[in-house]
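**Student:** I am attaching a structure below and will ask some questions about it afterwards.
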Amino acid sequence: MSSNLSPTDRAKFASAQKASSFVEDGMKVGLGTGSTAAWMVRCLAERVKNEKLRIQAVPTSLRTAKLATELGIKIATLDALGRLDLTIDGADEFDADLNLIKGGGGALLQEKIVAAASDKMIVIADVEKRVETMGQFPLPVEVIGFGWQTSQKLIEKILVSHDLGGRRISRRMLGDKPFVTDEGNFILDMHLGQIGDAPQLGKSLNQVPGVVENGLFINMCAVAVIGAPDGSVELQGKRSAI
């Protein structure tokens, strides 16, 4: 399959395929959202079909749920399953400490809830997503529609006290209409350039009225499975977690 892919997709597929091998029979698994996560869902579906792998999966978005169902993966709600063994998800950016920026696909709220309910989170990404300093990818912040402009102004005020490379904020659009999440909320993308203290920024953002969640995933990821265009894979994380 990978021989017919572009170099970027070959890297995504390699990381997704390797990460899917961490899933064991009987596990309860969180399924991420995004292009790399979609490859992982396909790889898991192949194992379900060919190895008779028995898993129950909690998708992090409607589109992941649709794909998993179409491919024969048994899905369930998080409330029904409770604690999960493992979540596998993509990332828009990650650093040496495996702090992440997520939400480029607009599913950051469900992704963070599912990750927090898991014993282990594995991130799958191509090598280009690894950065020395967080913030090059716009940081998504999910806000409710009511008073969203007020929420944005409050965010702009708190950003002044943080060590950032920039402070421009834009509401995410889908064509000529605002992008709306599965929960019916808006997303504000913060173009920060660099983030000096990601943990503190995450805490400050979530204190703003109207903010539902932000795309900083701090101390949640145990292992990153990093794919390269040549199909090779690198594991980054604590030795005990690999």
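**Student:** Pairs needed: first member in segment 69-92, without any contact (Cβ under 8 Å) to a residue 12 or more places away in the chain; second member anywhere, basic (K, R) and assigned to a loop (DSSP other than H, G, I, E, B); C-beta distance under 9 Å; at least 6 residues apart or different chains.
**Tutor:** Note: no pairs meet the criteria.
**Student:** Sort through G227, G202 and tell me the only one that's closer than 22 Å to D97 by Cβ and outside the structural domain of A14 (by TED's automatic domain parsing).
**Tutor:** Just a single option satisfies the conditions, and that option is G202.
**Student:** Something else now. Evaluate segment 187-197: report whether one residue or more is within 30 Å of K66 (Cβ to Cβ) and not aliphatic (A, V, I, L, M). Write out each step before concluding.
**Tutor:** Going through segment 187-197, the residues within 30 Å of K66 (Cβ to Cβ) turn out to be 187-190.
Adding the requirement that they be not aliphatic (A, V, I, L, M) leaves 189.
Within segment 187-197, one or more residues are within 30 Å of K66 (Cβ to Cβ) and not aliphatic (A, V, I, L, M).
**Student:** Another question about this same structure. Given the structure, is L100 in contact with a Cys (Cβ under 7 Å, 6 or more places away or on another chain) and within 20 Å of F137 (Cα to Cα)?
**Tutor:** For L100, the condition - in contact with a Cys (Cβ under 7 Å, 6 or more places away or on another chain) and within 20 Å of F137 (Cα to Cα) - is met.
**Student:** Assess whether A68 counts as being farther than 23 Å from G237 by Cβ and surrounded by 14 or more Cβ atoms within 10 Å (Cβ to Cβ).
**Tutor:** Yes: the conditions hold for A68.
**Student:** Only one of these conditions is not met by V127: (1) surrounded by 18 or more Cβ atoms within 10 Å (Cβ to Cβ); (2) more than 15 Å from the chain's Cα centre (by Cα). Which number is it?
**Tutor:** Looking at each condition in turn, V127 falls short on (1).
**Student:** Can you name the number of the only condition in (1) assigned by TED's automatic domain parsing to the domain that holds L159; (2) of a type outside the set (D, E); (3) within 21 Å of L235 (Cα to Cα) that I122 fails?
**Tutor:** Failed condition: (1).
**Student:** Would you check if A198 is closer than 18 Å to K129 by Cα and out of contact with any Leu (no Cβ under 9 Å at 6 or more places or on another chain)? First the steps, then the outcome.
**Tutor:** Values: closer than 18 Å to K129 by Cα: yes; out of contact with any Leu (no Cβ under 9 Å at 6 or more places or on another chain): no.
Spelling it out, it is not the case that A198 is closer than 18 Å to K129 by Cα and out of contact with any Leu (no Cβ under 9 Å at 6 or more places or on another chain).
**Student:** Looking at A125, A68, which is the one that is in a strand (DSSP E or B) and in contact with a helix residue (DSSP H, G or I) (Cβ under 9 Å, 6 or more places away or on another chain)?
**Tutor:** Values: A68 fails: in a strand (DSSP E or B).
A125 is the lone residue from the list that is in a strand (DSSP E or B) and in contact with a helix residue (DSSP H, G or I) (Cβ under 9 Å, 6 or more places away or on another chain).
**Student:** Could you please let me know if K157 is more than 17 Å from G104 (Cα to Cα) and out of contact with any Ser or Thr (no Cβ under 7 Å at 6 or more places or on another chain)?
**Tutor:** Against the criterion (more than 17 Å from G104 (Cα to Cα) and out of contact with any Ser or Thr (no Cβ under 7 Å at 6 or more places or on another chain)), K157 qualifies.
**Student:** So which residues in segment 126-150 are among the polar types (S, T, N, Q) and farther than 17 Å from M173 by Cα, if there are any at all?
**Tutor:** Within segment 126-150, T133, Q136, T150 meet the criteria.
**Student:** Also, I was wondering about something else. What is the number of the single condition among (1) assigned to a loop (DSSP other than H, G, I, E, B); (2) in contact with a helix residue (DSSP H, G or I) (Cβ under 9 Å, 6 or more places away or on another chain); (3) closer than 17 Å to D97 by Cβ that E234 does not meet?
**Tutor:** All conditions are met except number (1).
The values are calculated or read from the model by the stated rules, or taken from the named source; none is laboratory data. Because the structure is a prediction, the values reported are computed rather than measured. FYI the Cβ positions are ideal-geometry reconstructions off the backbone, even for glycines, and counts take in every protein chain you see.
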